[in-house]
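Student: For reference, the structure I am asking about is given below.
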């Protein structure tokens, strides 16, 4: 047993108030609190008994609190020591988690990856993305956030998100884009529409159609309007904003309210549920959009994100898309 020693002062010195306990002091105290025996505690953590005793005494001095009641026969926790032991264990546990997280960060494709995805991509590409992560990166904790582009960019800039899966280009010079693929737009029409079934549709036809679009804020709306302007449509007459999502949009088409543009990856999912819908392909070069990963310039995991992009690009090649050069 450790010989009896004088209790530390009830009040810490001015110097002690500005010190903080060390990890070794906390480890020594927790060991004593568990074993109530200096020799056994020292052996348990691989420390000499004098060093252990000194560490506990230094902790008491730093805290200005008597943690142990020492006699020549036994060691007991003081009432304050019982409370402090709970806190000390929690601190050591948190320190252990910190070290585990640091070790995990040194290994690629581990830990949390917060992926932001736009709504006109998420339902059609996520099955492939999730399948790739499950098969190839089982230690990666992928967290998916579906939001519109402006919200995703804000989250990326604030550090709330790590990586985006979205249409590019993005009007943000601090963003680095990792191209994945290009995909054509397809015209979706109701059954019997003059354009239905065509494979050589001229873009100029977009000047005259009643076009249904997504609501403000969706990048797909802006892309569709750009395509119309490139086709020579100079004003918005006949353009109707009518839906918050593509599923609603195509049902409005099925009801005869107009036509719409869908990215090719969405066509099978969105038109396959309604036999009254038909599609038409544009003549080459068809209007298209590019999908990419996007991250912050200088991101700590940028090399990892590029490797993820390479793997994802290969996995998405089975879809009706044209892989883009990295």
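Student: What do you reckon, is residue 304 within 21 Å of the chain's Cα centre (by Cα) and surrounded by fewer than 17 Cβ atoms within 10 Å (Cβ to Cβ)?
Tutor: no
Student: Moving to a separate point now. Tell me, yes or no, whether segment 63-71 has at least one residue that is assigned by TED's automatic domain parsing to the domain that holds residue 19, within 19 Å of residue 19 (Cα to Cα) and in a helix (DSSP H, G or I).
Tutor: Filtering segment 63-71 for residues assigned by TED's automatic domain parsing to the domain that holds residue 19 gives 63-71.
Subset that is within 19 Å of residue 19 (Cα to Cα): 63-67.
Those left that are additionally in a helix (DSSP H, G or I): 63.
Yes, segment 63-71 contains at least one residue that is assigned by TED's automatic domain parsing to the domain that holds residue 19, within 19 Å of residue 19 (Cα to Cα) and in a helix (DSSP H, G or I).
For (1) within 16 Å of the chain's Cα centre (by Cα); (2) in a strand (DSSP E or B); (3) over 29 Å from residue 270 (Cα atoms), each residue gets a yes or a no:
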{"site": "127", "(1), (2), (3)": "no, no, no"}
{"site": "131", "(1), (2), (3)": "no, no, no"}
{"site": "142", "(1), (2), (3)": "yes, yes, no"}
{"site": "145", "(1), (2), (3)": "yes, yes, no"}
{"site": "155", "(1), (2), (3)": "yes, no, no"}
{"site": "164", "(1), (2), (3)": "yes, yes, no"}
{"site": "170", "(1), (2), (3)": "no, no, no"}
{"site": "181", "(1), (2), (3)": "no, yes, no"}
{"site": "185", "(1), (2), (3)": "no, yes, no"}
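Student: Something else about it: Restricting attention to segment 303-316, does a residue exist that is touching a strand residue (DSSP E or B) at 6+ places or on another chain (Cβ under 8 Å), outside any helix (DSSP H, G or I) and either more than 21 Å from residue 185 (Cβ to Cβ) or not assigned by TED's automatic domain parsing to the domain that holds residue 131 (or both)?
Tutor: No: zero hits.
Student: Going by what's in this entry, would residue 92 be described as free of Cβ contacts under 8 Å to residues at least 60 places away in the same chain and either in the same structural domain as residue 42 (by TED's automatic domain parsing) or assigned to a strand (DSSP E or B) (or both)?
Tutor: no
Student: Related question: Could you check segment 217-236 and list, in sequence order, the residues that are out of contact with any helix residue (DSSP H, G or I) (no Cβ under 6 Å at 6 or more places or on another chain) and closer than 22 Å to residue 183 by Cα? Before the answer, list the steps.
Tutor: We begin by selecting, within segment 217-236, every residue out of contact with any helix residue (DSSP H, G or I) (no Cβ under 6 Å at 6 or more places or on another chain); these are 217-218, 220-227, 229-230, 234-236.
Residues satisfying the conditions are 217, 218, 220, 221, 222, 223, 224, 225, 226, 227, 229, 230.
Student: Separate question: Quick check on residue 198: is it modelled with pLDDT under 95, closer than 30 Å to residue 323 by Cβ and in a loop (DSSP other than H, G, I, E, B)?
Tutor: yes
Student: Within segment 271-292, is even one residue out of contact with any helix residue (DSSP H, G or I) (no Cβ under 7 Å at 6 or more places or on another chain), touching a residue at least 12 places away in the same chain (Cβ under 8 Å) and part of a helix (DSSP H, G or I)?
Tutor: No: zero hits.
Table: residues versus (1) surrounded by 14 or more Cβ atoms within 10 Å (Cβ to Cβ); (2) in contact with a strand residue (DSSP E or B) (Cβ under 6 Å, 6 or more places away or on another chain).
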| position | (1), (2) |
| --- | --- |
| 133 | yes, yes |
| 158 | no, no |
| 181 | yes, yes |
| 186 | yes, yes |
| 196 | yes, yes |
| 200 | no, no |
| 228 | yes, no |
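Student: Now for a separate question. Residue 122 is checked against (1) within 18 Å of residue 310 (Cβ to Cβ); (2) at pLDDT 95 or above and fails just one. What number does that condition carry?
Tutor: Result: residue 122 fails condition (1) only.
Student: Any chance segment 237-260 includes a residue that's under 19 Å from residue 208 (Cα atoms), without any contact (Cβ under 8 Å) to a residue 12 or more places away in the chain, assigned by TED's automatic domain parsing to the domain that holds residue 185 and exposed (fewer than 13 other Cβ atoms within 10 Å of the Cβ)?
Tutor: yes
Student: Then there is this: When segment 223-233 is examined, which residues are found to be more than 12 Å from residue 261 (Cβ to Cβ) and free of Cβ contacts under 8 Å to residues at least 12 places away in the same chain?
Tutor: Pass one, segment 223-233, residues more than 12 Å from residue 261 (Cβ to Cβ): 229-230, 232-233.
229, the sole residue that qualifies.
Student: For residue 216, all conditions in the list (1) under 32 Å from the mean Cα position of the chain (by Cα); (2) surrounded by 14 or more Cβ atoms within 10 Å (Cβ to Cβ); (3) not in a helix (DSSP H, G or I) hold save one; what is the number of the exception?
Tutor: So residue 216 meets the others, but not (2).
Student: For residue 298, state whether it is free of Cβ contacts under 8 Å to residues at least 24 places away in the same chain and either assigned to a loop (DSSP other than H, G, I, E, B) or more than 17 Å from residue 128 (Cβ to Cβ) (or both).
Tutor: Spelling it out, residue 298 is indeed free of Cβ contacts under 8 Å to residues at least 24 places away in the same chain and either assigned to a loop (DSSP other than H, G, I, E, B) or more than 17 Å from residue 128 (Cβ to Cβ) (or both).
Student: Does residue 104 satisfy the criteria of being part of a helix (DSSP H, G or I), under 25 Å from residue 25 (Cβ atoms) and at pLDDT below 95?
Tutor: no
Student: Taking residue 84, is it in the same structural domain as residue 25 (by TED's automatic domain parsing), assigned to a loop (DSSP other than H, G, I, E, B) and either touching a residue at least 12 places away in the same chain (Cβ under 8 Å) or within 45 Å of the chain's Cα centre (by Cα) (or both)?
Tutor: no
The values are calculated or read from the model by the stated rules, or taken from the named source; none is laboratory data. Every value quoted in this text rests on a predicted model; they were computed, and no experiment measured them. Because the Cβ atoms are built from the backbone with ideal geometry, glycine has one as well, and the counts that use them run over all protein chains shown.
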